[in-house]
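Taking it in order: structure first as structure tokens, then the write-up.
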């Protein structure tokens, strides 16, 4: 078992709130990734769970037991540090066996378990070496070995891959996935790397400024970001975010900005409001021929190509649209050159709207008289109503 | 074609010579800088080593030749050493001094280690004030504490005992200060990892911190041991007899009214220096490279 519950966990340093009332329920066997930019409080949150920092408020429960004030040693949690924190004076075998020796496990048992873990992590030939004689990847595996030898209720990992090069990171990600499947343990994993988060997590908790911004599966967080912050954090390049305005014209609800025209659905009942229009770069594509922007027309963004980047399999183009810079990417070659005027479009399903002031996602709820299938077809016009917040029915998650 | 053949080699001939000049200039300058640097270091080394050499050289001359200023003592003689051995209990004096210096340095190391660990591993009320009080004792001249300490020793009945020399010297601000600086830069993650791995604070100190602070501990041990070994005034005040520690033994027997017995003095001093050299040779191999960070990143 290894269910971790955080209940309004808060950490203040004077006037600075590092972690602001975070509540999370991490199920047994779950791989939950705390994702956010540097300084968002994710490592502090992990250390609060580990017991290395005392919280200013809130509770931490492990399998229903309140461990808020229990010392780290009594929490039955193992941690892998960003720096690996291997004991420099001990061999790999003694590093891995360190927690068992602390628990006064018999020597023979320690040796047996160390050999088991070393075999699992392919560390067998390195057992007599010291940390300074290991490569980055090997040190990282020793750190993981030291964590798993205790068979803890849950693992806490603080950016364990951040010191590895790109290739090794990819290989280690795959190892982590396999290890998680093999051990079936709960993992609370901190990273600022969205690729790590999206590829490893069963759920992602996005943090910003100490607050929980969104909690969901990688698909949910990527496809239906709860806020401008989440939308702008995930994706490479991240979602294009343009200041726009929702208005009703001639019986149509439209999103308008300089050189941007998006026809949403027929209606007059939506109150005009300032919004942020979001479109992922990979969802934009060139308009084959400029169709009508009128009723039922495709969303249209007109601009001028500023630069084209070769990303290997794909190309990314930066286009000046109105006063903003819009990225779009597609299979190489895109056939574009700097200075070329372009018209871009996307499916209505890929339009995201956020409130300009709160930054929160605006969801639109389909009206009851329209069948669900209509909303997934660009040929049909989904009549809908615009709502604040993400708790309402969201298009792309249906 | 002919023009091309005649003009083309010209720069080719010129370029290497320009490069050679440049390389020659740079090489000469580097050589000069290296030579001056080595010269200064050699002069400093000589200034440090010569008095020690002269001490052993004089001690190895025949007793009647101690005023001979030839650079190399010849023929060699151990007459001064046997004289010292006969006149004073040099073995016991060195043993006593060694015990005193060892206990004082171990005590100061232990106090320094525990205090520095407390100052760095925990945050507590009045921490800075207490630390300043510790370090502030360094600023108090010995003469200020000398009389109160002496009175206290008298009351405790420790005058004229080796314990009287040791006990007031068991804590040192130097040890606390130096070890605190080292512990402040000790990787915090290692301490946290040990806590996560189930170690108590006491266990972390001895199984994680101390093994990784061997270099500074060894360096500090040498300094503390030499300080204690060289201390003259306090043992002279407390012990008041010449047959206790080597500093007093040498003074009592060789600095007499007939003038110093240089041969005996040099031989005695030479013997008194041996434990210091031994300690240095023993610990200096630990004073190499801080490898604490090798387990990180």
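In the set A:90, A:123, only one residue is under 21 Å from residue A:171 (Cα atoms) and in contact (Cβ under 8 Å) with a residue 12 or more places away in the chain; that residue is A:123.
Taken over region A:29-59, the residue count meeting the criterion of being closer than 22 Å to residue A:14 by Cα and part of a strand (DSSP E or B) is 3. If you go through region A:7-25 and keep only what is surrounded by fewer than 22 Cβ atoms within 10 Å (Cβ to Cβ) and in contact (Cβ under 8 Å) with a residue 40 or more places away in the chain, you end up with A:7, A:8, A:10, A:12, A:17, A:18, A:20, A:21, A:23, A:24. Being at pLDDT 90 or above, in a loop (DSSP other than H, G, I, E, B), within 14 Å of another protein chain (Cβ to nearest Cβ) and touching a helix residue (DSSP H, G or I) at 6+ places or on another chain (Cβ under 7 Å) is a property that residue A:139 lacks. Can you find a residue in region A:256-274 that is without any contact (Cβ under 8 Å) to a residue 60 or more places away in the chain and under 29 Å from the mean Cα position of the chain (by Cα)? The answer is no; no qualifying residue exists.
Each row is one residue, and each column tells you yes or no for (1) buried (at least 22 other Cβ atoms within 10 Å of the Cβ); (2) free of Cβ contacts under 8 Å to residues at least 60 places away in the same chain.
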site: A:30; (1), (2): no, no
site: A:41; (1), (2): yes, no
site: A:49; (1), (2): yes, no
site: A:63; (1), (2): no, no
site: A:69; (1), (2): no, yes
site: A:73; (1), (2): no, yes
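For region A:38-69, a tally of residues being away from chain B (no Cβ under 13 Å) and touching a helix residue (DSSP H, G or I) at 6+ places or on another chain (Cβ under 6 Å) returns 2.
Among helices (runs of 4 or more DSSP H) entirely within region B:143-199, having at least 1 residues that are farther than 15 Å from residue B:111 by Cβ and within 14 Å of chain A (Cβ to nearest Cβ) singles out B:188-196. The requirement of being exposed (fewer than 11 other Cβ atoms within 10 Å of the Cβ) and either over 30 Å from residue B:272 (Cα atoms) or at pLDDT 90 or above (or both) is fulfilled somewhere in region B:49-68, by at least one residue.
Residues are listed down the side, and each one gets a yes or a no for (1) assigned to a strand (DSSP E or B); (2) assigned by TED's automatic domain parsing to the domain that holds residue A:160:
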residue	(1), (2)
A:196	no, yes
A:199	no, yes
A:206	yes, yes
A:222	no, yes
A:242	yes, no
A:245	yes, no
A:262	yes, no
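Taken over region B:200-214, the criterion of being facing chain A (nearest Cβ under 7 Å) and closer than 19 Å to residue A:145 by Cβ is satisfied by B:208 alone. For residue B:248, state whether it is under 30 Å from residue B:91 (Cβ atoms), more than 14 Å from chain A (Cβ to nearest Cβ) and either touching a strand residue (DSSP E or B) at 6+ places or on another chain (Cβ under 6 Å) or crowded, with 17+ Cβ neighbours inside 10 Å (or both). In short, yes.
Could you check, for region A:218-228, whether at least one of its residues is more than 24 Å from the chain's Cα centre (by Cα) and modelled with pLDDT under 95? Taking every residue of region A:218-228 in turn, none turns out to be more than 24 Å from the chain's Cα centre (by Cα) and modelled with pLDDT under 95. State which residue is nearest to the other protein chains (Cβ to nearest Cβ) when the search covers only region A:70-107 and only residues that are in contact with a strand residue (DSSP E or B) (Cβ under 6 Å, 6 or more places away or on another chain) and in a loop (DSSP other than H, G, I, E, B). The residue in question is A:81.
Among all positions in region A:12-32, there is at least one residue which is farther than 30 Å from residue A:135 by Cβ and within 14 Å of chain B (Cβ to nearest Cβ).
Within region A:108-136, the residues that satisfy the criterion of being farther than 22 Å from residue A:178 by Cα, part of a helix (DSSP H, G or I) and within 12 Å of chain B (Cβ to nearest Cβ) are A:131, A:132, A:133. Filtered by the rule that a residue be assigned to a helix (DSSP H, G or I), within 27 Å of residue A:105 (Cα to Cα) and away from chain B (no Cβ under 12 Å), region A:146-175 gives a lone residue, A:148.
The values are calculated or read from the model by the stated rules, or taken from the named source; none is laboratory data. Note that the structure is a prediction, hence the values are computed from the model and not measured. As a convention, Cβ positions derive from the backbone with ideal geometry for all residues, glycine included, and neighbour counts pool all protein chains shown.
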